[in-house]
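Participant: Please find one structure pasted underneath; my questions will follow.
Derivation of every value follows stated rules applied to the coordinates shown; laboratory data play no part. Only a predicted model underlies this, so the values are computations on that prediction, with no experimental measurement involved. Ideal geometry is used to build each Cβ from the backbone, glycine not excepted, and the neighbour counts take in all protein chains shown.
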Amino acid sequence: MGTKLAVAQVHPVPGNIEANLARVVNFVSVAREQGAQAVLFPELFTTGASFVSDDTSSALDAWDVAEPVPGRTTEHLAELAAEHAIFIYGSILEKRGDRIYNTGVLVSPSQGLLAAYRKIHLTPREKRILTPGTEPAVVDTDVGRIGLTVCNDIMFPEYIRGLVLQGAQFIFTPSVFWKPVPSAANEWSLGPWHAQAVALVRAMENAVCVVMSLGLGVDGEMMGYGHSLIVSPWGKILASLGEGEGVTTAEVPMDRLGEWKEIAPFLADRKVELYRRMLAL
């Protein structure tokens, strides 16, 4: 048997942590009913992301909705994880001293809060408000060895490769890919294929399973378009969602990983010394 993983796709109520946590219960329950051992939620699934909006009339005050880690959200998720015997991962706004982070929290059914990963690669809008993390996170679990990321981290191939070289078998990526509202017909508008393309390439080039939960719905002047997906280490989309809320689960046949590495030995064939000379490292 393979590893069963789920992605939950939700549209959070901006700033309403209690309402969003109440809705999480159903998604966790469905994921477990589908046999999932772990379920991913999108980036900032308890608050939404309008604190980075340029529309000041709708922007949240990040300080007002940020919370400590551990705190009420991680305690609530720990109770859910224990009740449903499932790992839960997603990112929330963390208040730590006088700083705010976009923090991925991994909760275990037996140990509660297992890891907190603070997003390292912030977007330009986030940089105005948030502090970047400085430490990568690769965590051993009953599911496997998981590399924790948040959204924009997936755009940096060196970083993902580094997590894999530290032993990550799975890359968990809560995210939101945005497009302008109303949608602008120009070359900067993103579509669901962008997230899919990045997930497939990162999976294939590293022989790693990429699990990406993408937020959706209007939040300020931006709109998340969903299309969450689970990608095998050989770049096959095993499960995906469209533009609505929902949960989907896939079994990842990790026992076939050796076959893929023989067909496409990208990691084994690296020319590390050459790269060091090229990059002057």
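Participant: Hey, which lysines would be in cross-link range of Lys127, C-alpha to C-alpha under 28 Å, not counting anything within fewer than 8 residues on its own chain?
Facilitator: Hits, sequence-local ones excluded: Lys95, Lys119, Lys179.
Participant: Something else: What number, in percent, do you get for the relative contact order of the chain if the mean sequence gap of Cα pairs under 8 Å and at least 6 apart is divided by its residue count?
Facilitator: Reported relative contact order: 20 percent.
Participant: Which length gain, in nm to one decimal place, applies between Leu267 and Ala19 when the Cα-Cα distance is subtracted from 0.36 nm times their residue separation?
Facilitator: Answer, rounded to one decimal: 84.9 nm.
Participant: Under 27 Å Cα-Cα from Lys261, which lysines qualify once same-chain neighbours fewer than 8 residues away are excluded?
Facilitator: Lys4, Lys236, Lys271
Participant: Skipping prolines and chain starts, which residues have an amide H placed within reach, meaning under 5 Å, of the one on Thr3, given they are 5 or more residues away or on another chain?
Facilitator: Here Val252, Met254 satisfy the definition.
Participant: For Leu114, which sequence-distant residues (separation of 5 or more, or a different chain) have an amide H within less than 5 Å of its own amide H, given hydrogens modelled in the peptide plane?
Facilitator: The list, which skips near neighbours in sequence, is Leu106, Val107, Ser108.
Participant: Taking the structure as given and computing Kirkwood radius over Cα pairs in Å, which label from [x] 18.9; [y] 25.0; [z] 20.8 fits?
Facilitator: [x]
Participant: Taking R0 as 45 Å, what's the FRET efficiency between Arg125 and Leu274 from their Cβ-Cβ distance, rounded to 0.05?
Facilitator: Here the calculated transfer efficiency is 0.75.
Participant: Please give the peptides 258-266, 169-177, 16-24 ranked by average Cβ packing (other Cβ atoms within 10 Å per residue), highest first, as a rough proxy for protection.
Facilitator: Ranking the peptides 258-266, 169-177, 16-24 by packing returns 169-177, 16-24, 258-266.
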